[in-house]
Every structure is written in structure tokens, then in C-alpha cells.
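Below is one structure, written out as C-alpha cells, with a few remarks after it.
The values are calculated or read from the model by the stated rules, or taken from the named source; none is laboratory data. Given the structure is predicted, the values throughout are model-derived calculations rather than measurements. Note: ideal-geometry Cβ built from the backbone for every residue, glycine included; neighbour counts use all protein chains shown. Ligands, DNA and RNA are excluded from the accessible area calculation, which covers all protein heavy atoms including side chains. Shrake-Rupley method; radii C 1.70, N 1.55, O 1.52, S 1.80 Å.
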Amino acid sequence: MTLSTLPAPETSPFDVCVLGLGYVGLPTAAVLATRGQRVAGVDLRRDILDTINAGRIHIVEPELDALVRAAVAAGTLRAVPAPVPARTYLICVPTPITADHRPDLSFVEAAARAIVPVLGPGALVVLESTVPPGTLRDLVAPIVCGNLQGGGLVPGRDIFLAHAPERVLPGAVLREVVENERLVGGLTDACTARCAEFYEAFARGQVHRCSAEVAELTKLAENAFRDTNVAFANELANVCAHLGLDVWEVIRLANRHPRVQILRPGPGVGGHCIAVDPWFIAASAPQHTALIQAARRVNDERPARVIAQVRALAARLRKPKVACLGLAYKPDIDDLRESPALHIARALAADPDLELLLVEPHLHTSPIAGAPLVPLAEALAAADIVVVLVAHRQFRHLRPDHLLRLMVVDTVGLLNQRT
Ligand SMILES: NC(=O)c1ccc[n+]([C@@H]2O[C@H](COP(=O)([O-])OP(=O)(O)OC[C@H]3O[C@@H](n4cnc5c(N)ncnc54)[C@H](O)[C@@H]3O)[C@@H](O)[C@H]2O)c1
């Protein structure tokens, strides 16, 4: 296929083609579709396509259902199994890590390959997925611009390529897709300008122009910064446990210093971004990321410490009942992805020397076989040991005198709320 025989995007019934209809892609597609763009959403999963085309959604995100319903009913959003010709392509596919902490870019590669047959002259291709520095230039560009049967496309002239990392917060995605400031890093200045124009048409936050590599690393730096700061708090918790001191008191007093702001320790770092993205920097510069890698290890090690602490208490009793409060990876959501709380609960559930009760107000069924989901009051009445894993709103009324009869492992400082 050469440029002259490629379909012209103008003739397509779609303006934008979004690849990957998950937590990032679907809200973005819905926002665009309700603002005058004709959007084709692509996903590999048939069930997701059917759900969306029926005007429903498969993820938990406030107000997204109404937006998708409206866009599908208006005919501006359609879910399709493969990319279609469009003026703009947004790649929003997963970028996980492998078991040995290497970036898995196979989804990005597959998405880039999938758009090649339908790519028309002048199209804009935006990589929104979080990726290691160099991914747009070294992986995506050769596929998209490369040897299209001999005739290469010139970026910035025939085709426009940019990275615009997504920085949305789950639970607030619809607002943040529009209001967040954006980074737009093109392969060339013309690519950057074209991509910035696309976002400026609907985003209210400022659009910052930079190179593709700066955009890639900046997104990763944001999450690595957060991870490293949490690791500091977690390490302090480890030190305090060793010395028999109260970490919450130490942090509360240290934070009285005008230039100190220590974050809160916890049972580990979860979710699919903060626990993953720092490894992308580490993979890009293994010899220069001692701090980032150490922080990851400190945070990854926390669940094992909590499990050991609970087991040590449990060993004092005969087959004690242990109640875990919270399973999500952070407060007030139902998301269990990479959740350290879930990891801890699973390990405790596998222990034949204790009986596990789970309290998770955001779930209707237990995610762990053999460990029943019970209401908070029931768990507190039945348990010998309480492990506070998530500071959900529903638990915040608890005070130490409610738990006098119980042994308590409070990983999130819920009972020490002066900090
Ligand atoms: N979820 C967030 O809050 C968030 C925030 C910022 C950045 N990100 C980044 O955005 C990217 C997407 O994350 P997500 O949370 O939306 O992932 P997700 O797993 O929720 O959704 C990705 C979707 O892509 C689909 N998919 C996979 N390969 C495909 C292909 N070749 N063509 C079409 N669809 C394909 C999957 O079936 C899935 O439905 C990741 O790089 C992530 O790190 C996510």
C-alpha cells in the first residue's frame, strides 16, 4: 500500500478512532463523542463492544454510563472490533510490566500495527498509554511511518505522531479528561502543534508542548515521585516497628516542621500506575535509578511485613478469627487491581491456623473463596484480631475504644487520626 492508495480520512464516517476502551479510552471516547466528534472505539473484547453498543459500560466510573448512553443513542459513538479510517487515532491500550519488572509493550505494538492498514494521509496518531522514554520514536514510529510496502511516511508532513500521556484520576476521569493540564510531545514540532490543536479543541487545562521523550519521562516521573515519597513513609513505619515507636506520632510531630511533609505509610502501594510506572524509568536507566528501584522494593515488601505481624498475633491464640477491613487499593473505590490489601487477605486466607472475615463495603461478593464478606459490626463482634487495610469512609468513625477487646493491626493509621 502506498500513500496515494490509502483511504482519505475525510471520506470516513469517523473523526476519531480510539484503541482500547478501558478506564482511559472509554471516558475519552465518550467525552469526544458528546462534543461533536464521530468516534469509533476499538477493543479486542467482544463483550466490551456489545456492552458499549447497547449503551452500557463495563467499568466503574461516576457519570460515565449516562455519557456513553447519550453518545451511542446519538450515533456519535460506536464500538468496533478493528480500527477504521479516521483523522485522529488515540492509542489507549494497557502497558503492564512483566514478572521481572520489564515494560510489556506488546499491546502498544499490536495497536500500532492494527492502524497501519487504515491510516490515511495527514492522520494524527496519539499514544496516550504510559510508556518508557523512546517508545513513540523507536517502537511506534517505525511501524506507523515505516516501510509501508516500501514507501515510508514522513512524520510532520504525511503523518503526525505524538505522545500525550493520560494523567486522570480514577473516580474523577470525566472531569479530569477535560480539566487537567496536558503534555503533548510530538515526534517533530509540526506533530506537536497538530496534537496540541486536537486537545485544545476540548481540553480546558493548559496544553504544554514538549518533545515525545520529555512527555514520556515526565508522566513516569510524576508517579515515581509519589511512589518514592510513600516508600519513605513506609520505611519510617518499618523503623518504628523495629524500635517499638509509634510511626503516626513521629510523622505528626515531624510534619510540624515548616518544610517537612511526610506522607502516610500503608500496607503497600497498589493500583496499576504508581506500582508499575517507576519500573519503566528503571528499565530505561537501570544504572541510574537506585532510589526509584529501592522505593519500589520498600513498597512491595510492605504486605509481607503486615502478614508477618498478623501471624505473630494469631500465633498467640487457637484458630483466631481475623477481620480484614478493606480490600481495595485505596480508600473509597472498588478497584482491586494490584491491591496490597487483597494480597494480604489472600495470604491470610491460605493460612490454616486462622479464620478470615472480610469487610469491603464496595463489594457484594467475596473475591476470596472460603473468606466470607460480612458487615463491619458483625466482623468486629466476631473477630479476635482486626487488620485495618484501607481507610474507607465507612470505617472512619472507628475509635480505639471500639476495639478494646481486640488485637489490632492498623496499617493506615485509621485509629490515630490526629496525623
Ligand atoms: N486507568 C487510569 O487511571 C490511568 C491513568 C493514567 C494513565 N493510564 C494508562 O493508560 C493506559 C490504558 O490504561 P487503562 O487503565 O485504560 O487500561 P484498561 O486495561 O482499563 O483498558 C485497556 C483496554 O485496551 C484493550 N486492548 C488491548 N489491546 C488492544 C488493541 N490492540 N486494540 C484495541 N484494544 C485493545 C483491552 O481489551 C482493554 O479493554 C495504560 O498505559 C495506563 O498505564 C491509566
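At a glance:
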quantity	calculated
Matching residues in the range 142-170 - criterion: being assigned to a strand (DSSP E or B) and away from the ligand (no atom under 16 Å from the Cβ)	L148, G151, P155, I159, F160, L161
Single unsatisfied condition, V230 versus (1) in a helix (DSSP H, G or I); (2) open to solvent by less than 50 Å² (accessible area, probe 1.4 Å); (3) within 15 Å of the ligand (Cβ to nearest atom); (4) not assigned by TED's automatic domain parsing to the domain that holds V140	(3)
Subset of the range 171-198 [within 15 Å of the ligand (Cβ to nearest atom) and either at positive phi or aromatic (F, W, Y) (or both)]	G171
Tally of residues being part of a loop (DSSP other than H, G, I, E, B) and more than 19 Å from V125 (Cβ to Cβ) across the range 19-35	3
Residue tally, condition touching a Lys or Arg at 6+ places or on another chain (Cβ under 8 Å) and surrounded by fewer than 19 Cβ atoms within 10 Å (Cβ to Cβ), over the range 39-60	3
Odd one out for V68, checked against (1) on the phi < 0 side of the Ramachandran plot; (2) over 25 Å from the mean Cα position of the chain (by Cα); (3) open to solvent by less than 40 Å² (accessible area, probe 1.4 Å)	(2)
Tabulated pairs, the range 168-185, first farther than 17 Å from D332 by Cβ, second of a type in the set (S, T, Y) and modelled with pLDDT of 95 or more, C-beta under 6 angstrom, 6+ apart or interchain	V177/T28; R182/Y199; L183/T218; V184/T192; G185/S211
Subset of the range 260-282 that is surrounded by fewer than 21 Cβ atoms within 10 Å (Cβ to Cβ) and within 15 Å of the ligand (Cβ to nearest atom) - its residue that is modelled with the highest pLDDT	G271
Answer from E63, E109 - the residue that is away from the ligand (no atom under 15 Å from the Cβ), open to solvent by 40 Å² or more (accessible area, probe 1.4 Å) and of a type in the set (D, E)	E63
Condition met for T218 (assigned to a helix (DSSP H, G or I), within 15 Å of the ligand (Cβ to nearest atom) and among the hydroxyl-bearing types (S, T, Y))	yes
Top-ranked residue in the range 123-140 [being away from the ligand (no atom under 15 Å from the Cβ) and either open to solvent by 10 Å² or more (accessible area, probe 1.4 Å) or part of a loop (DSSP other than H, G, I, E, B) (or both); ranked as farthest from I274 (Cα to Cα)]	A123
Subset of the range 31-59 [among the small types (G, A, S) and either within 13 Å of the ligand (Cβ to nearest atom) or modelled with pLDDT under 95 (or both)]	G36, A40, G41
Pick from the range 70-103, criterion closer than 18 Å to F14 by Cα and among the charged types (D, E, K, R), ranking: nearest to the ligand (Cβ to nearest atom)	R78
Count of the range 74-86 residues which are in contact with a Cys (Cβ under 9 Å, 6 or more places away or on another chain) and in a loop (DSSP other than H, G, I, E, B)	4
Number of the exception - A237 against (1) open to solvent by 40 Å² or more (accessible area, probe 1.4 Å); (2) more than 16 Å from the ligand (Cβ to nearest atom); (3) part of a helix (DSSP H, G or I)	(1)
Which numbered condition L415 fails, given (1) assigned by TED's automatic domain parsing to the domain that holds L236; (2) part of a loop (DSSP other than H, G, I, E, B); (3) closer than 30 Å to P62 by Cβ	(1)
Total residues in the range 245-282, condition of a type in the set (A, V, I, L, M, F, W, C) and more than 29 Å from the chain's Cα centre (by Cα)	4
Among residues of the range 347-361, those that are crowded, with 17+ Cβ neighbours inside 10 Å and assigned to a loop (DSSP other than H, G, I, E, B), counted	3
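Here is a yes/no grid of residues against (1) open to solvent by 30 Å² or more (accessible area, probe 1.4 Å); (2) under 28 Å from the mean Cα position of the chain (by Cα):
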site	(1), (2)
A314	no, no
L327	no, yes
K330	yes, yes
D334	yes, yes
A382	yes, no
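Results for (1) open to solvent by less than 30 Å² (accessible area, probe 1.4 Å); (2) under 24 Å from Q394 (Cβ atoms), shown as yes or no for each residue.
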position: D246; (1), (2): no, no
position: V250; (1), (2): no, no
position: A290; (1), (2): no, no
position: P303; (1), (2): yes, yes
position: Q309; (1), (2): no, yes
